[in-house]
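Just below is one structure, and these are the notes that go with it.
The values are calculated or read from the model by the stated rules, or taken from the named source; none is laboratory data. From a predicted model like this one, the values you see are computed outputs, not experimental measurements. Glycine gets a Cβ as well: all are built from the backbone with ideal geometry, and neighbour counts include every protein chain shown.
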Amino acid sequence: MIETRNVLINAKPRISLVTAVVMLTCEICSEEILLDEDMKTHLLLSHLENDMSCPLCSLSGVSYDELSYHISSAHPDYQHKAQKSSYSTSCRPPPIGTNLTENEDPKAGSSGTYIEAKPCGSSSDSLPLQQRTDTVFTQSKGVLTCEGTSAISSTSVSPGIKRGLEMSIPVLDNAGYLSEQKNPKQKRPAFPKNEPFSCPMCAQVFNSTSILQEHVELHLQEQDYSEVPEKLECPMCPAVCSDSTSLQQHVELHLDNEAGTSDSDSRLAWKLQQEMDKKRMAEENQVEKEQFKKLQRQFGLDGSGGYRTQMEKTLKRDVARGIMPPAEYHFKRVEMMESLASGVDDGRTRTQGVIEALCQYYQTECKDCVHVWLSADTDHYCSSLGDKGWGCGYRNFQMLLSSLFRLDTFASPLQDKSVPSIPRVQRMIEDAWKLGLDPQGASHFNHQLQGTRAWIGATEIYVLLTSLGISGRIVDFHQPTGPGGTHSRLFEWVKQYFSQSSTSSRLPPRIIQTSLPPLYLQHQGHSRSIVGLEQRKTGSLCLLLLDPGSPSSDTMKLMSRDTASIAIRNVRKLPGSLKHKQYQVVGVDGVLSTEEKQVRWQRCLYSVHTVK
C-alpha cells in the first residue's frame, strides 16, 4: 500500500474555509448527502439488499440492517468519526478512519497549502502499510482535482473506501469558496478504464493498479534503506563511526598516539629481525653439518675405522649371535693380521678360471650370438667382511692387476706378481699423492685413506696405474646417448676397444678371446669390471660384467655346465640395465716410459676423454 505523506497543493492564494455545512454520510460508501430522504433513496439505489459489505473488515453478503448493527457493535467509533469529519470543503471523503487537517508548508509561504490525511488518534508513521495513502490536491481553473489515487489497488480496498474515492469533487466558485457540483450523483472514477497509470514517484507507466502498487512500495523501501546511515569501521580498532569525517578524526588520534613510539618500534623490529636471521643461519649451519656427516659416513670418512676395524666388529658380532664359534674367530683374526702385515691379499674372495668358463659356455650355448669378445684371463674378487659396502673400487683394481700379471707387455713395471690387500692399495694411493699426482683428490680425502672406509673411483684407479708406470686413460660418458636414457655410445666404444685385438686360431670365429685387460666401469655409488661383449643376430650389444658385490658362490656356478645358463644372467647386462646419468671407463693403453712418467708426475696430469 501507499504511505501517507504531507504533499503541497499547487494553488493560487491561500483558500479560506468559511462555510461548514453539516451533511449526512453514507455508512457504506461514505458519500455525503444533505437530506435524510435522499439518503434512503441512495441506499436503495446504490446498495442492493443482501449485497452489503463492511468497509472496515471482511464481512460481506449481509443486509443493510445486519450491516448497520455490525458497524455499530463491531466498529463503535466509526460512525462518530465519520460524522465529525464531514465538511463541505473537503475535495473527497478520505478513507474511513482518517481525518483531514490543514497545514501550512513553511517553505511554500502564502502560495502553498497542503492537506495531511492522518488516522484518528495516531500519526501516519505508525500506520501499517496497508492503511496508508498519498493524496495530492491541485487547483486548475477554479477546480480542485485529486491525484495519486491510482496507487491504490482495487483489490486491496474495501468497497466502502473505494466508493468514497469515486465521489464527486467539489469546485471553487468565483468568490474562492468551495461549493458542490450541480449533479451530486455524477461520479468520477478514480481509475479510468483503458488508460495507463503513471507512477507518482518516477516516469514509469503501468496498465495494472496492482503492479503500480508494488512498484510504489519498492520506492518506499529504497527510501527507508537510504535513510539508514552507513557505518564505517576503524581499520586500527573495533570502533564504528557514523560518517567519514568522524572516522578520519578517530584514525588521526590513533596516529598521534603512536607517533611517539615509532622510533622504539623500529628498534624493536630491527632487533627481532637480527635474532631471526641468527636463528635461521644457525639452523642452516646445523643442517649442513648433518648432511656433511651423513656424506662422511656414506663414503667412509667419518673416522669409524677401516678394513681391520670392520673385520673385527663383524667377527665379534657373529660370535655374539652364535653364528661363529670363538675358536674360528681367533683363527680368522690371526689370518687377517698376517695378511695386513704382508700387504698381500689372502685370496679368500678370489675365483679363478672365469674367462675360460665363459668360453666353454659360448661354444655350446647362446647360438643367437654372432660375435663374442672376451678379455684376457681375469680373476674375480668379491667383497669380504672387512670391506663390504665400500670396497668395490679396490676389488676391481685387484681384478685388473690379476689380468695384467698374465700379460707379457706389463711384466716390466709389474715385477711383484702378488695382488695387494685393500689396506696396501690405500697406502699405494697415498704414496702417489705424496709424489704429486692428483692433488685435488688428495685434498678431498684429506691426504689419508688408511684406517678409513673411503670409497675410491676412476681417478684413484688412474693414479694407481700411473704410479706403477702403466699408461691409462679415463673415458667419460657424461650423458645418455640412446633411447630411454641408455648409453649406446658406451657400448659402441667397448666394442671398438675389444675389436683391436686379433682372434685366436684355436677358437671358432664367433668367439674372440683378446689379449686386452678388462675395463674399469664406474658410476654413482658402484663400480664393476667389463670382461667381454656380445653381439647378437639382431645387432644389439650386451656387456659381460664381473661384479664385486656378487659372492664367490655365484661366480663358481659358471664353472658347471648345469648352472652356467643361470649364472650367466648376473654377468650379461643389456643397454636397458645401464641407465645411470653418467659413466666413466678406465682403460689400459700400455706402459709408460720413464720420460712420460716424469712428465705426468711433474704436471700432475691425468688423461680424460669425454664422449658426447
Considering only segment 382-448, give the helices (runs of 4 or more DSSP H) lying wholly within it that have at least 1 residues that are under 21 Å from E356 (Cα atoms) and touching a strand residue (DSSP E or B) at 6+ places or on another chain (Cβ under 9 Å).
-> 392-404
Segment 374-397 - residue that is aromatic (F, W, Y) and surrounded by 24 or more Cβ atoms within 10 Å (Cβ to Cβ) and, of those, nearest to the chain's Cα centre (by Cα) = Y394
Of the residues in segment 321-379, those that are touching a Pro at 6+ places or on another chain (Cβ under 8 Å) and either closer than 25 Å to Y394 by Cβ or among the small types (G, A, S) (or both) come to L340, G343, V344, D345, S375, A376, T378
Within segment 296-317, count every residue that is charged (D, E, K, R) and modelled with pLDDT under 90.
-> 2
Boolean, S383 is within 28 Å of L449 (Cβ to Cβ), touching a Pro at 6+ places or on another chain (Cβ under 7 Å) and touching a residue at least 60 places away in the same chain (Cβ under 8 Å) = yes
Of the residues in segment 479-502, those that are modelled with pLDDT of 90 or more, loosely packed, with under 15 Cβ neighbours inside 10 Å and in a loop (DSSP other than H, G, I, E, B) come to Q479
Considering every residue within segment 283-298, establish whether at least one is of a type in the set (K, R) and either closer than 30 Å to T538 by Cβ or surrounded by 17 or more Cβ atoms within 10 Å (Cβ to Cβ) (or both).
-> no
Condition set modelled with pLDDT under 75 and outside any helix (DSSP H, G or I), scope segment 57-73, selection farthest from the chain's Cα centre (by Cα): answer is S63
Name the residues in segment 552-590 that are under 25 Å from L404 (Cβ atoms) and surrounded by fewer than 13 Cβ atoms within 10 Å (Cβ to Cβ), would you?
-> D589, G590
Starting from residues that are of a type outside the set (A, V, I, L, M) and either touching a Ser or Thr at 6+ places or on another chain (Cβ under 7 Å) or not assigned by TED's automatic domain parsing to the domain that holds R350 (or both), keep the ones in segment 530-567 and report whichever is nearest to H371 (Cα to Cα).
-> G532
Report whether or not E460 is modelled with pLDDT of 90 or more, surrounded by fewer than 15 Cβ atoms within 10 Å (Cβ to Cβ), assigned to a helix (DSSP H, G or I) and not aromatic (F, W, Y).
-> no
